[in-house]
Amino acid sequence: QGVIGRTIHLSNADMNVTIVGNFGVNNEQVNPNFQHTGKWYDFFSGDSIEVTNTTARLLLAPSEFHIYTTQKLFT
């Protein structure tokens, strides 16, 4: 079995980005490894989450992915 959950991290002085995805065919708990705690924004929905534990797993459906940013990009 290969890696099902994947993450990509981009860090900049102005903003951090964490991309997390489930590339399997079942629901999976994926460790996002956020760069830090605090408020993060879902790029697609615009909703925010409060990260208090950077390694708390996210439950993702098959083929689900999210792009989280530390700044809200669209209103």
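The values are calculated or read from the model by the stated rules, or taken from the named source; none is laboratory data. Source: prediction; values computed, not measured. In this analysis, Cβ positions are derived from the backbone assuming ideal geometry, glycine residues included, and neighbour counts consider all displayed protein chains. Side chains included, ligands, DNA and RNA excluded: accessible areas come from the protein's heavy atoms. Shrake-Rupley method; radii C 1.70, N 1.55, O 1.52, S 1.80 Å.
Charged side chains reduced to their Cβ positions (Lys and Arg at +1, Asp and Glu at -1) give the chain a dipole of some 100 debye around its Cα centre.
From the coordinates of this entry, percent of Cα pairs over 19 Å apart is computed, and it appears in (i) 26; (ii) 42; (iii) 31 under the label (iii).
What part of the accessible area of the chain, given as a whole %, is carbon or sulfur when the probe is 1.4 angstrom? Carbon-and-sulfur percentage of accessible area, whole number: 50. Across the chain, C-alpha contacts under 8 Å between residues 6 or more apart give a mean separation that, scaled by the residue count, equals a relative contact order of 35 percent.
Counting charges near THR69 (Lys, Arg +1; Asp, Glu -1) among other residues having Cβ under 13 Å from its Cβ returns a value of -1.
For the chain, the solvent-accessible area works out to 65 Å² per residue, with a probe of 1.4 Å and every protein chain left in place.
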